[in-house]
Each structure stands twice: as structure tokens, then as C-alpha cells.
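Novice: To start, I am sharing the structure in question, which I have written as C-alpha cells.
The values are calculated or read from the model by the stated rules, or taken from the named source; none is laboratory data. All values derive from a computational prediction rather than experimental measurement. As a convention, Cβ positions derive from the backbone with ideal geometry for all residues, glycine included, and neighbour counts pool all protein chains shown.
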Amino acid sequence: MAEQEADLTKKYDALIIGSGAAGGMAAHVLTTHGLQVLLLEAGKKLDIEKELRSMQWPYDNAHRGALPPDSHSLSFNEYTIRRPPYGPGFEKSKNLYSYIGNSDYTKNIVVNERENPYTGTNYAWVRARCLGGKTNIWGRLALRLSDYDFKAKDRDGYGENWPISYSDIAPYYDKVDLYLGITGVKENLPYLPDSIFQRPTKLNCAEVTLQQGLKKMGRVLTQYRAGVTTDGLKHNKYRSRCYGRGACERKGGCDIHAAFDSPTGLIYPAMDTGNLTLRTNSTVREITVDPTTGKASGVHFTDSQTMKDYTVRGKVVIVAASTLESARLLLLSKSRLYPNGLANSSGHVGHNFCEHVMGPGVAGQAKDLVGKPSTLDDGRPGGFYLARFRNLAQQHPNFIRGYGFEGGSGSSMFPPGTDRPGFGASFKEEIRQNQGSYIGMGAFGEVLARYENYVDLDPVVKDKWGIPALRFHYKFGENEHNMVKDMKETAQEMVEAAGFKIIYVNDRVLTEGWSIHELGTARMGNDPKTSVLNQFQQSHDVKNLFVVDGSAFVNASCQNPTWTIMALCWRSCDYLADQLAKNEL
Amino acid sequence: MSTNDPVDLKQDRRQWLKTSATFLGAAVLPLSGAIAETSPAESQTVQSVHGASQAVAAEGTSSARFFTPAQHAMIEELSETIIPADSHSGGAKAAKVADFIEQRIRESVDDQQKALWREGLRLMESMSQHYNGKSLVDSSAEEKIAVLKVLSDNAQMTELPEVRFFHELKSLTVRGYYTSKIGIHDDLEYKGNRILMEFVGCDDPTPPTT
């Protein structure tokens, strides 16, 4: 694709801030509608194949795939003991990364925490400032939400319903499936709707055993629904089909782009339309406002490397900087007209912040697989997904909403169980004999959206570019703690019931933010007093301003959000293009 | 000693620290986790490192080695005791785990970790002298096992530097071995990380290794 120089004197039809799943999708949809679009990304464009090196053997890597010793990534304990900003105390390390930055393949994709401080309550905030953002290294589990989520208030009375139903978004889920590719198996579950799946991956023997055991309990284990094209995409020349190469378990992305990432899936094709201009290294500080009309007029940004300031105008401004960065930008965009920040007459920007709670899980062992020759189990983008089963037909007495499990079994490049006690010949043999016999899974549960969980701007701390840092006021609540207890118990019960020997049960709750599924800081709704956006992710206050990322979510559901972010964004951008054509914006 | 006798590590170490003090010609060695600023053994190490770096520089290599040749030989023996060669596959020595550890510690920015390795190797030598009456590198496989078993059996006593050293040794040996060609291909017979035309499932035969 031909990259054009950004012409900052021109007034673009649309300015998009952020190039991840949402920004990329907005670029795709709007350029397809013929709009002239400028996409601004705060980070740099990486030579991504050189970063990912998906098939590199550890012994061919200078540090066996680990982070170089002069750099450090935060561990669970450090997140727990230390308060953000996580800068001081790590002076010896040249670079400090979030927990995802703990490998040679991810270190340049996530931000250096020192340049990007935040304050307040503990939160494992993972940020990827580069073209494509976190889609370069996402977990790829691509699930749909249902009316069990969109109309959850109707079921249990808590929170708010979404201003849309499943029927509104279903056609857009279909479009995302077909345009980007997804693998999975149809299960006909009303609470976990099927996608239009390409060729599925296969379960291995221990996974089949667990699936059969669960079936007797009326619970559903299905092949990992991955945003990966297993059959290929004829309309996309930048992406290959999946060849089951098996480095998927390693944190990092896919260097043949069988797994969806925003640059090859959305942005490069959008550039090929001739309608998209991309400017990387562009840190947006503020959305500017026309004081006479009250509408957004453009953005003010700093070149992330030269530190020079620029402004650029657009008919429409689309915020897609990721849930927390988008809220931060709205709060930063204060003016005489909008003293509480842009799109914030409701006071809800930054609030109703929610995500998924993680940690509880279980590891079991299939005794009949001990001592068997190693098998090829990791040549696929994921193992299994165990769909939610709580609070569907009956209400659990101790908590509302649901949780699901991600898991897998089988041989892997680095063997499990090396933390066993002892050493010597028996230690070595036990690792070898047991390597393919384990099965494990971990839960992801809905954290309720609460007004009291929020982010605002720190009055003192600023980032490298002099922009006020985000301050967290966020804690899990009683519903999450009760849910976590149940996760642990059901995990053990299910794995035991399927005939596995329990190796360990984990009830440790991971630090807030660990799921990297932050959502809800600019929620949609029909009432401008209690919501920030309407059903088309359009600001109630400023009609040429759209916020198209996870911040629009009304609740977190327990299903992974990326596919919903993209389906919602597609729907909103179709509406936007229509309204712009009618001169309604 | 028999490898089956339970050992009271805290009781024993008083003796072997005394023995080693005599052996090394030092009056006092640290009893707790605290590391003495400059013990005779450490200044010895410093000299050796210096000597080694001169030797390496003479060979025209740019990066000085952290461990002396004697320490390197000890690490080879210790890592091989953690993951030994057997009839199935090579062990840590063949997988060059000591080279991996050398690189990790040399490049480490954690001075405490570096100090723990120097201290740990010194304590291993003292323990070897105490339990087996000879240097670790001159000990038989069984004798080396006997020394490490004392630490493995007392693995929870992490207040002791030799126990912390054991954990560190084991952890880096495991990391180095299972990321090596011998560990991945010969020992685990890992079958993935290659192009597949079709996904492999429970009832499928594993495709032939290419």
C-alpha cells in the first residue's frame, strides 16, 4: 500500500484517534464509504514481522526468548505490593514494561511504563502504543455477546440495559466474521451466539474427555473461537491462512497474520482505497472545539518523537484510543463550553469502568496419558472455551452475571510442571513422562459496571509529553469476590467429575486490569443524563464526535470484547457515513 | 554419608562453615543471609575474574566472562546434577546450560543476584568439603547428589543463601535446558513449530516430523 504524507492544512472528513481494533475498523468502514480519513496513532510503526518471529526457536534467540536482563517487566507480586506509578524502585532496569512485555517478542510492542505513568489504585494497565495497538498481541478469543448481556438488567435488575439488542448488532457480527475470519464450531447457544465460522481447530484427547464429562452436567466446552483465518481470505493480500505452526501459546502475535491484527486486517486494505492517510507518532492531547457551534473542530497533537505541536481539522472526530485513553482524552479536552471535559455533561466519562476478573482456575492430569510419547497439541491458535453456565435459567444466591473458562491440554515447547520439588534423574524423567498429560483452565468473569469505579486526571503527575496522567479509583466488589469463590469450586468440580486427578486449584485473584479487557468509561444509553453516547456511539452532547472503542460498553459481559468492539464500530460508522452524507453532523 | 539420612541443615551448616573457614583460611564467614563486604574468597573471586578477563581480552573477545574457569566447571557439574544425561537424552552439560547461566548472570543488572552466585558457589564448595571431604568437581555423581539433596530437602529455608542459590541454580538450569536443542528435540521430542496443512486432533496420527 502507498503511504501518503499527512496534509495538515486540509480538512478531513474524519479524524480517527487510535489504530487498534476500533480505529482500524473505523478506517476500513469510512474509507469504503469514500470518506477522506486521517488516522492518528500515538506510537510508531514497527517492523512487526521482525518483532514477532513466530517460528524462532528459543535457542536461536539471544536470550532464549526472554527479556534482555537490562529490562524488567512487572510481576504479579510487584503489581500487588507497589503502588502506581510503577517507576521508582526499578532504577536498574533500562526499560520497565507491563507484565505482557516479559518476552523478547512483545517488549517493543508495549509501552515503557516510565514514559507513561498512571496513579491511584493498583491496576495492571497494559498499553501498546504502536500501529495496531494491542491487536498485535491479543489472545484472539473472539466471542459474541447476546441479549443475556445487552438486556442483563431485564434479567437481574442490576445496572442498565444496552440501547441495542442482539438483533441490531448480529448483521455486523456477520460482517466482521466474513471480513476478518474466525474459527470455531457451532453450538446453538442463545447466550453465546455462533459466528460464521471457518475450518475449526481440533480438540486433543484430554480436552475431548473434559468435553464429554461436562456434557453430562449440561455444560458446553467448544473449540477455541479464535479471530484467526483458517481457510484464508481471498479479499486480503496481507494475511495468510493459519498453518498451525504452534508458537501461538507464546505471548506474541502471528507473523503471517492468520490471527487478526488491525494493520493487515483493516488499515493496509483501507490505505489501498486511496482514502486513508496515516500519521504515526502523533500523540493527541486535546480534541478542539468550535466555540460558536459547540462542535468538535479537530485535534491538537504532539509529534511523539520531535515533540512539535500540530493541529488538524476534521468534519467528524472519532475517538478510538482504547477504553481508558479515550476517557482520558475526553477529560483532557476541557474548554469554556465544556468545563468537565468533552461529551461529559452527564459526568459519566471515566465512570462505570468495568472489565473481567481473572485468576481462579485448576490444573488436572489424565493418568492414562502419563508416559505416552509427546503429541502435537500446540499447532493451533487455542485450546478450548467453556461457555458460561451460571445465572442462565436459575439465579445463583451469591452473585449475578456469569463467567467462562479458557483452557487447554497437551504437549508444549516448554514443559509444564518444572516447579516440582527435587532434582536429578527422577526429576528429569517425571517432566518428560508427564509433559502431555495436564489439562488446565482459567476463568474470566464479569466485573459489574459501577459508577464508583472510575478514572480521572491526576492533578500532578504527567507523562513524557507533559499530558496529565490517568488516576485510578477502581476495586473489585463483593459480587466479584463471591463469583471468584464459585469459579474455583466449579473448576475443581468439573475437572474432577471428568475423571482427572487435580494437580492444583488456584484461588488467587489477579490484579485488577490483568484481563486487558477494560471497558465502559463512556457508556452508551438512551438517557443523556446517565450515559455519554447514544446507540451509534455518538456523543449526546457533541454530534460530530464518536467514541467507537470498548469505552462504549454498558457492561462487560463475561465474553471477550474485541469482536463486539469491531461489530459495534462498523454499525456506528455506517450510521456516521449516512449522517455525514445527509449533512446531519 | 547416606543420602537417605535426614539432615538438620541449620545444625550442620555451623560445622561446615567452620570447616570451610579453616579450609579457606578465614576467621569468620557470614552465618546469615547477609553477604560480607569482602571475604577472602570473594577477593579471590575478584582476582580470578580479573585474571579471566585479561585472558579473554588476550584472546581478542570483547565480553569478559563473569565466572572463573573453576566456577564455570562447578556450574557445569551442578547443572548436570540437576538435569543429568540418561539413556534417553543428554543432560545439562551437553546442552551447555553453564554457558546460558554465564550469559544470564554476566548481563544481569541485579547485583544481589550476582553476589548470590559467587556466594552460592563458595558455599557449595564448603559443603562438598564438609560432606564428601573433597572438592565438588572431584566428587562422584552420588557425592554431588548428596550435597544438593541437603538443600533440596530444606528448600523452604530460603533465609539461607545456599538454599536461595539452590533455587536459582535449579530455575536457570531448567530454563536453559528446556530451551536448548537437546532439551526440546532430544529429551521432550517436541513435535510442533512447523507448518501443518491440517490441525491435529485426538484421533489423528501425529504427522511425521519434518
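Novice: Give A:Glu5, A:Glu51 a once-over and let me know the one that is among the acidic types (Asp, Glu) and part of a helix (DSSP H, G or I).
Specialist: A:Glu51
Novice: Filtering region B:81-117 down to residues that are facing chain A (nearest Cβ under 10 Å) and β-branched (Val, Ile, Thr), which residue is surrounded by the most Cβ atoms within 10 Å (Cβ to Cβ)?
Specialist: Going through the qualifying residues, I end up with B:Ile83.
Novice: Could you please let me know if A:Leu580 is more than 13 Å from the chain's Cα centre (by Cα), assigned to a helix (DSSP H, G or I) and either over 30 Å from A:Ala226 (Cα atoms) or acidic (Asp, Glu) (or both)?
Specialist: It is true that A:Leu580 is more than 13 Å from the chain's Cα centre (by Cα), assigned to a helix (DSSP H, G or I) and either over 30 Å from A:Ala226 (Cα atoms) or acidic (Asp, Glu) (or both).
Novice: Still on this structure, I have one more. Can you tell me how many residues in region A:212-233 are of a type outside the set (Asp, Glu), over 19 Å from A:Leu192 (Cβ atoms) and under 26 Å from the mean Cα position of the chain (by Cα)?
Specialist: Residues that pass the stated criteria total 4.
Novice: Restricting to region A:63-77, give me the number of residues that are out of contact with any strand residue (DSSP E or B) (no Cβ under 8 Å at 6 or more places or on another chain) and crowded, with 18+ Cβ neighbours inside 10 Å.
Specialist: The qualifying residues number 2.
Novice: Oh, and also: On the basis of being within 14 Å of another protein chain (Cβ to nearest Cβ), without any contact (Cβ under 8 Å) to a residue 24 or more places away in the chain, over 22 Å from A:Ala320 (Cβ atoms) and out of contact with any Cys (no Cβ under 8 Å at 6 or more places or on another chain), does A:Gly89 make the cut?
Specialist: yes
Novice: If you take the residues of region A:375-406 that are modelled with pLDDT of 90 or more and small (Gly, Ala, Ser), which of them is farthest from A:Gly139 (Cα to Cα)?
Specialist: Filtering region A:375-406 for residues that are modelled with pLDDT of 90 or more and small (Gly, Ala, Ser), the one farthest from A:Gly139 (Cα to Cα) comes out as A:Ala393.
Novice: While we're here: Can A:Thr209 be described as within 14 Å of another protein chain (Cβ to nearest Cβ), in contact (Cβ under 8 Å) with a residue 12 or more places away in the chain and within 22 Å of the chain's Cα centre (by Cα)?
Specialist: Spelling it out, it is not the case that A:Thr209 is within 14 Å of another protein chain (Cβ to nearest Cβ), in contact (Cβ under 8 Å) with a residue 12 or more places away in the chain and within 22 Å of the chain's Cα centre (by Cα).
Novice: So, in region B:151-167, exactly how many residues are free of Cβ contacts under 8 Å to residues at least 60 places away in the same chain and surrounded by 18 or more Cβ atoms within 10 Å (Cβ to Cβ)?
Specialist: Summing the residues that are free of Cβ contacts under 8 Å to residues at least 60 places away in the same chain and surrounded by 18 or more Cβ atoms within 10 Å (Cβ to Cβ) in region B:151-167 gives 3.
Novice: Then there is this: Of all the residues that make up region B:114-163, how many are within 12 Å of the chain's Cα centre (by Cα) and basic (Lys, Arg)?
Specialist: 3
Novice: When only residues in region A:424-455 that are part of a loop (DSSP other than H, G, I, E, B) and within 14 Å of chain B (Cβ to nearest Cβ) count, which is farthest from the chain's Cα centre (by Cα)?
Specialist: A:Gly424
Okay, residues lined up against (1) touching a strand residue (DSSP E or B) at 6+ places or on another chain (Cβ under 8 Å); (2) over 30 Å from A:Gly87 (Cβ atoms); (3) of a type in the set (Phe, Trp, Tyr); (4) surrounded by fewer than 18 Cβ atoms within 10 Å (Cβ to Cβ):
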{"site": "A:Leu392", "(1), (2), (3), (4)": "no, yes, no, yes"}
{"site": "A:Ser411", "(1), (2), (3), (4)": "no, yes, no, no"}
{"site": "A:Asn434", "(1), (2), (3), (4)": "yes, yes, no, no"}
{"site": "A:Arg450", "(1), (2), (3), (4)": "yes, no, no, no"}
{"site": "A:Asn453", "(1), (2), (3), (4)": "yes, no, no, no"}
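Novice: Specify the residue that is farthest from B:Glu189 (Cα to Cα); the eligible residues are those in region A:51-71 that are in contact with a Gly (Cβ under 9 Å, 6 or more places away or on another chain) and more than 8 Å from every other protein chain (Cβ to nearest Cβ).
Specialist: The selected residue is A:Ser71.
Novice: Applying the selection to region A:499-529, what residues are assigned to a loop (DSSP other than H, G, I, E, B) and over 25 Å from the mean Cα position of the chain (by Cα)?
Specialist: If the condition is that a residue be assigned to a loop (DSSP other than H, G, I, E, B) and over 25 Å from the mean Cα position of the chain (by Cα), then A:Gly499, A:Phe500, A:Asn526, A:Asp527, A:Pro528, A:Lys529 are the ones that fit.
Novice: Another question, then. Give A:Pro421, A:Pro339 a once-over and let me know the one that is over 29 Å from A:Glu446 (Cα atoms), within 14 Å of another protein chain (Cβ to nearest Cβ), at pLDDT 95 or above and assigned to a loop (DSSP other than H, G, I, E, B).
Specialist: Result of the check over A:Pro421, A:Pro339: A:Pro421.
Novice: Inside region A:544-569, can you point out the residues that are touching a His at 6+ places or on another chain (Cβ under 8 Å) and either part of a helix (DSSP H, G or I) or surrounded by fewer than 23 Cβ atoms within 10 Å (Cβ to Cβ) (or both)?
Specialist: A:Gly550
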